[in-house]
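Worksheet: the structure to be examined is printed underneath.
The values are calculated or read from the model by the stated rules, or taken from the named source; none is laboratory data. For clarity, every value in this text was computed on a predicted model and none was experimentally measured. Here the Cβ is made from the backbone with ideal geometry for all residues, glycine too, and neighbour counts use every protein chain on show.
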Amino acid sequence: MAKKIIAGNWKMNPATAREAEKIFSGIKKIKINNKVETVVCPPAIYLPLLKKITTGIKINLGVQDCSVAEGGAYTGQISASMIKSLGAKDVIIGHSERRALGESDEVLNQKVKIALKNGLRVIFCVGEQTRDERGDYLSAIKQQLETGLDKIGKNLSGKLVIAYEPVWAIGANATGVDSPDSFLQSSLFIKKVMSGLIGAKEAKALPILYGGSANAKNAEGFLTVGQADGLLVGRASLDPKQFGEIINIAGNVKEE
Ligand code: PGA
């Protein structure tokens, strides 16, 4: 069975490098068995600091965005090759908080391509703003996948992960959490769309994570009933105790 992926998205937290070191030191102490792959995505500016303390431990580092360009006159941006050179392995692309800043599916597609080209694994986020009874939200997800992941090539095994994050379930202002059953439906839908893009075999093997108020209480449901291949964890990833519980749950999910 493939490893469950537990990825922490720290967003623009914590406020100081010292605190980042403290949280990461807590996460370092978590016992991680070989059924789980753990990724921590801090603000990119903390990467060198945290990289120094990852030696010998089983935690990968990632970032939350990358530039569409390789380099040059792009004030304030960080390129995929810079990220790679600092030892990060993953990049989150298409998070709803970046989409809210105006990143279009087309821009995200460029980011995905440049990240893959530079050898980063992409955690591509999709998710609807609101949920409707008729299932129209599925067409929003389809659009995000078809444009954001257009012509990204094949042989993506180990290079692409999809995180399904309904926007209404994300963050402190979430109006709810998805249910494992409903996540499973969305995840099957994502695989169906992806099979049209990258082929049925590759789509079947593609890891689909759940994100949006994932925590130690609901993790098990998503990983068992929901058959999630992992979780993208925001707030709870800043709390080493709770993040540790989630990792522990993922490491003890019974094989089907
Ligand atoms: P949350 O964030 O777990 O705090 O809801 C998840 C995410 O935005 O990736």
Review point. Going through segment 176-211 one residue at a time, which ones are within 17 Å of Ser157 (Cα to Cα) and within 15 Å of the ligand (Cβ to nearest atom)?
Key: Ile208, Leu209
Exercise for review: Take the residues in segment 52-98 that are over 22 Å from Lys117 (Cα atoms) and under 19 Å from the mean Cα position of the chain (by Cα), then tell me which one is modelled with the lowest pLDDT.
Suggested key: Lys58
Practice item. Starting from segment 4-20, keep only residues that are of a type in the set (Lys, Arg), then list their pairs with residues that are within 13 Å of the ligand (Cβ to nearest atom) whose Cβ atoms are within a distance under 6 Å, requiring at least 6 positions of separation or different chains. Key: Lys4/Gly230
Check your understanding: Which residues, taken from segment 156-175, are away from the ligand (no atom under 16 Å from the Cβ) and surrounded by fewer than 18 Cβ atoms within 10 Å (Cβ to Cβ)?
Key -> Ser157, Gly158, Lys159
Check your understanding: Out of all the residues in segment 54-76, which are in contact with a helix residue (DSSP H, G or I) (Cβ under 9 Å, 6 or more places away or on another chain) and either under 19 Å from Lys89 (Cβ atoms) or not aliphatic (A, V, I, L, M) (or both)?
Key -> Thr54, Ile57, Ile59, Leu61, Gly62, Val63, Gln64, Asp65, Cys66, Ser67, Glu70, Gly71
Exercise for review: For segment 231-254, state whether one or more residues are closer than 30 Å to Gly153 by Cα, out of contact with any Gly (no Cβ under 7 Å at 6 or more places or on another chain) and polar (S, T, N, Q).
Suggested key: no
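Restricting to helices (runs of 4 or more DSSP H) lying wholly in segment 61-133: which have 1 or more residues that are out of contact with any Cys (no Cβ under 7 Å at 6 or more places or on another chain) and within 16 Å of the ligand (Cβ to nearest atom)?
Values: elements: 80-85, 96-99, 105-117.
Passing ranges, in order: 96-99, 105-117.
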Review point. Name the pairs whose Cβ atoms lie under 8 Å apart, with the first residue in segment 193-213 and touching a residue at least 40 places away in the same chain (Cβ under 8 Å), the second more than 16 Å from the ligand (Cβ to nearest atom) and part of a strand (DSSP E or B), and 6 or more positions between them or separate chains?
Key: Leu206/Leu160
